[in-house]
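A.B. asks: Have a look at the structure that comes next, please.
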Amino acid sequence: MVDMILSMLNLIGGGPPVGMSDLLLGPAEYNQTLYDAVILVHNAVVKPITSIVLAIMAVVMLSTQSSRMDADRELGIKIIAGTMLKIALVFIACMWAPKILDAIAGVSVTIANGINEVDFTGGAGTGEFKLGDEIGRDTVEDLSDTDGLLLVLLLFLPWVLMNVGGAIAFVLVFLRFLQMFLLSAFSSLPVAFFAHDDTKQMGIGYLKAYASVALSGTIMILAVALYQALVLGFTQNQMGSIPEDSDTLMTWASGNFLIFIVAPIVLIIIMFKAHGLAKNLVGDA
């Protein structure tokens, strides 16, 4: 029973048990096989279409600008040269489009790892705080059998909620990476739309969409970090410090029962809203 109580407390205080560590990885590190498949689809299917689209846009742009040469030949040559340079830059960007997305994902991973290394709980990183270990095995072992059973019953509902939160987090993390892979498969095509002013917003919208999906993982990591600090802060402020003896453990646990119920629910809600919050970050609300 002691191990069960410690495990339940560690889970309640630590956040979702599975999936969150994957948010510290880039798409290639998360699933190399799937990443290679996406790149293969992009190179074999999407790149040829991108080349055709870019060629058509280049012809239209050059033919439109060439009409200005009749009025002012010198100005027309400058405009044509500028247009050709713009097309060349977009062409290079299309070639490196998957790497551009990797760079965006890398920014998200860097921020997430930085958050994960911050000490929110006074002695442990984000993924390392264990409420049960903070209380200590000796304190739990000193409980009577009756108090131990009551404590298990008291922690059961918060424990169930956190397991549900863990399942939801696992699904959301998987869907987040799946969205990134699907968007990556078409990476060069939206980038090609940067060549023309009338279609540039399509490319910007695509990059914003990818950035918001990538940053949603960072939001979830931050949510877990703040959840751990929230649980530790409330349990200390509402009922004094974390108990160091069995006499105060039951009083402490019963006094914080509402916190143990509400905090996982709030965490689940934030994880569901992570993508919307990330869209606000990139100005795509």
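A.B. asks: Which count do you get for residues in the stretch 225-252 that are over 32 Å from the mean Cα position of the chain (by Cα) and either at pLDDT 80 or above or not charged (D, E, K, R) (or both)?
C.D. replies: Quick first cut of the stretch 225-252, residues over 32 Å from the mean Cα position of the chain (by Cα) only: 239-241, 243-252.
Then keep just the ones that are either at pLDDT 80 or above or not charged (D, E, K, R) (or both); that gives 239-241, 243, 246, 248-252.
Total meeting the criteria: 10.
A.B. asks: Take the residues in the stretch 24-34 that are in contact with a Phe, Trp or Tyr (Cβ under 9 Å, 6 or more places away or on another chain) and assigned to a helix (DSSP H, G or I), then tell me which one is farthest from residue 116 (Cα to Cα).
C.D. replies: For the stretch 24-34, the residue satisfying everything is 34.
A.B. asks: Given the options 154, 149, name the one that is touching a residue at least 24 places away in the same chain (Cβ under 8 Å) and surrounded by fewer than 16 Cβ atoms within 10 Å (Cβ to Cβ). Please lay out each step first, then the result.
C.D. replies: Working: 154 fails: surrounded by fewer than 16 Cβ atoms within 10 Å (Cβ to Cβ).
Of the residues listed, the single one that is touching a residue at least 24 places away in the same chain (Cβ under 8 Å) and surrounded by fewer than 16 Cβ atoms within 10 Å (Cβ to Cβ) is 149.
A.B. asks: Would you pick out the residues in the stretch 1-45 that are farther than 30 Å from residue 257 by Cα and hydroxyl-bearing (Ser, Thr, Tyr)?
C.D. replies: 30, 33, 35
A.B. asks: Could you look through the stretch 176-195, keep only residues that are closer than 17 Å to residue 26 by Cβ and aliphatic (A, V, I, L, M), and pick out the one that is surrounded by the most Cβ atoms within 10 Å (Cβ to Cβ)? Please lay out each step first, then the result.
C.D. replies: Within the stretch 176-195, the subset closer than 17 Å to residue 26 by Cβ is 176-185, 187.
From what is left, the residues that are aliphatic (A, V, I, L, M) are 178, 180, 182-183, 185.
Working: 178: 14, 180: 23, 182: 12, 183: 18, 185: 17.
Of everything passing the filter in the stretch 176-195, 180 is surrounded by the most Cβ atoms within 10 Å (Cβ to Cβ).
A.B. asks: Could you go through the stretch 64-79 and let me know if any residue there is modelled with pLDDT of 80 or more and either surrounded by 14 or more Cβ atoms within 10 Å (Cβ to Cβ) or more than 30 Å from residue 221 (Cβ to Cβ) (or both).
C.D. replies: no
A.B. asks: Same structure again: Collect the residues in the stretch 253-281 that are surrounded by fewer than 18 Cβ atoms within 10 Å (Cβ to Cβ) and over 14 Å from residue 13 (Cα atoms), keeping them in residue-number order.
C.D. replies: 254, 255, 269, 270, 272, 273, 276, 280, 281
A.B. asks: Here is a further query. Tell me, which helices (runs of 4 or more DSSP H) wholly within the stretch 131-248 include 2 or more residues that are more than 30 Å from residue 97 (Cα to Cα)? Steps first, answer last, please.
C.D. replies: Working: elements: 131-135, 137-141, 145-184, 188-192, 200-239.
Per the criteria, 131-135, 137-141, 145-184, 200-239.
A.B. asks: Which of (1) more than 30 Å from residue 134 (Cα to Cα); (2) buried (at least 19 other Cβ atoms within 10 Å of the Cβ) does residue 243 not meet, given it meets every other one?
C.D. replies: For residue 243, the failing item is (1).
A.B. asks: Also, I was wondering about something else. Looking at the stretch 196-203, is at least one residue crowded, with 19+ Cβ neighbours inside 10 Å, modelled with pLDDT of 85 or more and in contact with a helix residue (DSSP H, G or I) (Cβ under 7 Å, 6 or more places away or on another chain)?
C.D. replies: Yes.
A.B. asks: Is there any pair linking a residue in the stretch 206-222 that is closer than 13 Å to residue 22 by Cα to one that is among the polar types (S, T, N, Q) and assigned to a helix (DSSP H, G or I), with Cβ under 8 Å and at least six apart or on different chains, and which?
C.D. replies: 214/108; 217/108; 218/108; 221/116
The values are calculated or read from the model by the stated rules, or taken from the named source; none is laboratory data. The shown structure was predicted, so the numbers you read here are calculated from the model rather than taken from an experiment. Cβ: placed from backbone, ideal geometry, glycine included. Neighbour counts: every protein chain shown.
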